[in-house]
Amino acid sequence: MNLLAVERIKLFSTRSPWWCALITLALAIGFAAIFSGASPADEPVSVAATQFGGSQFGIAVVMVLAALAVTTEYRFNTIRTTFQAVPHRSPALVAKAIVVALVALVIGEIAAFGALGLSMLMRPNDGIGLHTTQDWMNVAGLGPVFAVAAVLAVALGILVRHSAGAIALLLIYYLAVEELVQLIPKIGHHIHEWLPFNVANKFLRGAAAGGDGPPPSDSPLSPGWALAYFAGIAIVFLLVALGVAKKRDA
């Protein structure tokens, strides 16, 4: 508990978490406002469409937040003090991952329900609401996806240790690589089915068709197993990162 408290204090002693949280909320709620305001009156806005900003762009900002939580310590060499206080290193890094994941979870839930609430206010006649299990997963599921993505970003931050490098890798992979993989002849589609963010999208979207929300996932997993698979990948990356952190100099 002491380590968690220390990591919480360190995280919120810098400006980047606050700015990243505000940007994430602005993207999520802003895109919901755009969809609600721009859609014709005779075309109801779906629950999935209200979550476009958070599920497509907010997650990228949250991963930047998570990566900076680690790389900033390496940049200013405060990580050495942390490792001197906790020689085994892993407990401190795990505590950091937990704190960042919890912060990401809270940001995700606020962003998701804020976007939904604004859309309900702007489109009172569309019947927008949490009427089905899939609606709940579209909205409430954003927080868990943010949390798992944050752990993945923390792991990459530990491995790379440089802010620019970690952020570049995260954004290039998330925004481009998974889509480009589909262009590989014959096997691209099969690889894409198992890539982490595509699978995470299956948890959020289920088997929903494209519609006016984010594109559907082609993962063969059920939504529940999709979240477990995404979390498993994040945990594997974190374990690898912890092993590397133990062996190299701070």
Legend entry - Ranking by accessible area, most exposed first, for Arg248, Arg8, Arg205 with a 1.4 Å probe: Arg8, Arg248, Arg205
Legend entry - Net +/- balance of residues flanking Gly129 in space, Cβ distance below 12 Å, scoring K and R +1, D and E -1: -1
Legend entry - Residue-normalised accessible area of the range 3-249, expressed per residue, 1.4 Å probe, Å²: 47 Å²
Legend entry - Accessible-area order (highest first, 1.4 angstrom probe) of the listed residues Phe146, Phe12, Phe52: Phe12, Phe52, Phe146
Legend entry - Within straight-line cross-link reach of Lys186, aspartates and glutamates at Cα separation under 16 Å, skipping those fewer than 8 residues along the same chain: Glu178, Asp218
Inset, instruction - Please give the helix 16-38 orientation as an angle from the longest Cα principal axis of the chain, in degrees from 0 to 90, rounded to the nearest 10. - result: 10 degrees
Inset, instruction - Compare the peptides 151-159, 164-172, 128-136, 26-34 by average per-residue count of other Cβ atoms within 10 angstrom and give them in order, highest first. - result: 151-159, 26-34, 164-172, 128-136
Inset, instruction - Please work out how much accessible surface His192 shows to a 1.4 Å probe, ignoring ligands, DNA and RNA, in Å² rounded to 10. - result: 10 Å²
Legend entry - Taking the range 134-239 and dividing mean pair separation by its residue count, relative contact order in percent (alpha carbons under 8 Å, at least six apart): 33 percent
Legend entry - Asp249 accessible area, assembled protein chains, probe 1.4 Å, Å²: 130 Å²
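The values are calculated or read from the model by the stated rules, or taken from the named source; none is laboratory data. Predicted model, so just to flag it, every value in this text is computed and none were measured. Counting neighbours? That spans all protein chains shown, and the Cβs are built from the backbone with ideal geometry, glycine included. To get the accessible areas, we keep the full protein, side chains included, count just its heavy atoms, and leave off ligands, DNA and RNA. Shrake-Rupley method; radii C 1.70, N 1.55, O 1.52, S 1.80 Å.
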